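Visitor: Okay, handing you the structure first.
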Amino acid sequence: MIKNSCLMLLVVLCISCGGDVVPKPNAYLRLEYPKAKYNKTQIEVLPFTVEINELAKNVTSKKMNSTTESYGVNIEYPALKGTIFLTYKAIEDNPENLTNFLRDAQNLTQKHTLKADEINEQQYANKERNVFGMFYEVGGNAASQSQFYVTDSIQHFLTGSLYFYAKPNYDSILPAAKYLENDIRHIMETINWE
């Protein structure tokens, strides 16, 4: 009986060891992006300059409203399958406009709380260039991982958001989101009003 059991075990071991050996990877996929190189850019009719990464292939703008000074700008990153959307609005020396623009920008970010794991707010102020605003880092499967607004509090108001062409899956897009988050911060920090 023991002899039969040992023979049966030996046969099973010999049969089960067939097939090709497939090595397991040592780590997760590592995505590397080129070091960012920025160029000072004047975007058509907009009253500011900004530095944009050379990796951005298409920068387009269009007037959004015929009655007010508002423009939309798309900064596309085809290699990362993402776009930074900028919206410029002229305050037109009306404090009520500034209040409305601030409320709209903050509400846009708060709409992501349903899907976001967290939203980190970071104030930004550059008194020398008269640029003041807020940067939002959105964690989790929200539609936009980074957003900001900046203003000079008198004439200019600019918002920006990062969106990808794919359904949000935070773990998959995290490397690209972090790379473009740095670009968004750089845009915020290099704005020069005219």
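Visitor: Name the pairs: first residue in the range 44-55 and surrounded by fewer than 17 Cβ atoms within 10 Å (Cβ to Cβ), second residue among the basic types (Lys, Arg), Cβ to Cβ under 6 Å, at least 6 apart or on different chains?
Guide: 49/40; 54/37
Visitor: When the residues of the range 75-113 are filtered to those that are at pLDDT 85 or above and among the β-branched types (Val, Ile, Thr), which remaining residue is nearest to residue 155 (Cα to Cα)?
Guide: Going through the qualifying residues, I end up with 91.
Visitor: If you scan the range 154-176, which residues turn out to be at pLDDT below 90, in contact with a strand residue (DSSP E or B) (Cβ under 8 Å, 6 or more places away or on another chain) and over 19 Å from residue 85 (Cβ atoms)?
Guide: 170
Visitor: So, in the range 77-111, exactly how many residues are under 21 Å from the mean Cα position of the chain (by Cα) and on the phi > 0 side of the Ramachandran plot?
Guide: Total satisfying the criteria: 1.
Visitor: Counting only residues that are at pLDDT 85 or above and within 17 Å of residue 179 (Cα to Cα), how many does the range 114-146 have?
Guide: 2
Visitor: Next question. How about the range 67-94: which of its residues are polar (S, T, N, Q) and out of contact with any strand residue (DSSP E or B) (no Cβ under 6 Å at 6 or more places or on another chain)?
Guide: 67, 68, 94, listed by residue number.
Visitor: Sticking with this structure for a sec: So, of the residues in the range 80-96 that are out of contact with any helix residue (DSSP H, G or I) (no Cβ under 9 Å at 6 or more places or on another chain), outside any strand (DSSP E or B) and in contact (Cβ under 8 Å) with a residue 12 or more places away in the chain, which turns out to be surrounded by the fewest Cβ atoms within 10 Å (Cβ to Cβ)?
Guide: 93
Visitor: A follow-up question, please. Search the range 65-76 for residues being within 18 Å of residue 42 (Cα to Cα) and assigned to a strand (DSSP E or B), and hand back the single one that is farthest from the chain's Cα centre (by Cα).
Guide: Among those residues, the one meeting the criterion is 70.
Visitor: Given the conditions (1) within 16 Å of the chain's Cα centre (by Cα); (2) surrounded by fewer than 17 Cβ atoms within 10 Å (Cβ to Cβ), report the number of the one that residue 34 does not fulfil.
Guide: Every condition holds for residue 34 apart from (1).
The values are calculated or read from the model by the stated rules, or taken from the named source; none is laboratory data. Nothing here was measured: the structure is a model prediction, and the numbers come from that model. Positions of Cβ are backbone-derived with ideal geometry, glycine not excepted, and every protein chain shown enters the neighbour counts.
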